[in-house]
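Notes follow the structure.
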Amino acid sequence: MPRLGAITPPSRPRDLARALLLSLATQTTSTLALAGIVHALAPAADLRAVMALSPATGLFTFVPVTPGAIGQRELVFSMVYGLAGVRADVAVAASVTTFALG
């Protein structure tokens, strides 16, 4: 791992702020894309609830407990988006769609 040791930590607050902004932009884009897919599949679902719950799906599937998070991701999507009124079959379709697009 000689290359890993070559990475210098940020030495200026500006560098840390830039990394934070890039991270927020990435997470916001991911949340909006996921909410857009779910909303396209379930237009009757509460869009604000879908957007609020979208980061939870990423959080609960970040560390897969099954190979490729197969089954885990679908269960999480069904449970989380069920709170926003999305039917389980639509949540599974959203899970598969986001996995395929990713």
Could you state the accessible area per residue of segment 18-80 in Å², with a 1.4 Å probe and every protein chain left in place?
64 Å²
GNM flexibility winner over the chain from Val90, Val63, Val50 (Cα, springs under 10 Å)
Val63
Per the helix-only calculation at 222 nm, which mean residue ellipticity applies to the chain, given -39500 (n - 2.57) for every DSSP H run of n ≥ 4 and division by its residues, nearest 500 deg cm²/dmol?
-23500 deg cm²/dmol
Could you check the spin-label model distance between Val65 and Ala40? Points 7 Å from the Cα along Cα→Cβ, value in nm.
3.1 nm
May I ask you to give the percent of accessible area on the chain that is carbon plus sulfur, with a probe radius of 1.4 Å?
72 percent
Projected onto the charge dipole of the chain (unit charges on the beta-carbon of Lys, Arg, Asp and Glu, signs +1, +1, -1, -1), the Cα from His39, Ala49, Leu59 with the largest positive-side position is that of Leu59
How would Ser78, Ser30, Ser54 rank on accessible area, largest to smallest, probe 1.4 Å?
Ser30, Ser78, Ser54
Given a 10 angstrom Cα cut-off, can you work out which residue in Val86, Val65, Val38 is the most mobile in a GNM of the chain?
Val65
Of the listed values (1) -0.36, -1.28; (2) -0.34, -1.12; (3) -0.43, -1.06, grab the one calculated as log10 I(q)/I(0) by the Debye sum over Cα atoms at q = 0.11, 0.22 Å⁻¹ from the structure here.
(3)
So how much accessible area does Asp46 have, in Å² to the nearest 10, using a 1.4 Å probe?
80 Å²
Once phi for every residue in segment 89-97 is put through the Karplus expression 6.51 cos²θ - 1.76 cosθ + 1.60 (θ = phi - 60°), the whole-Hz ³J(HN,Hα) values, with Gly and Pro written as x, are 5, 6, 5, 5, 4, 5, 4, 5, 5
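The values are calculated or read from the model by the stated rules, or taken from the named source; none is laboratory data. As the structure is a prediction and not an experimental result, all values here were calculated from the model. Using ideal geometry, Cβ is built from the backbone for each residue, glycine included, and neighbour counts are taken over all protein chains shown. Ligands, DNA and RNA are excluded from the accessible area calculation, which covers all protein heavy atoms including side chains. Shrake-Rupley method; radii C 1.70, N 1.55, O 1.52, S 1.80 Å.
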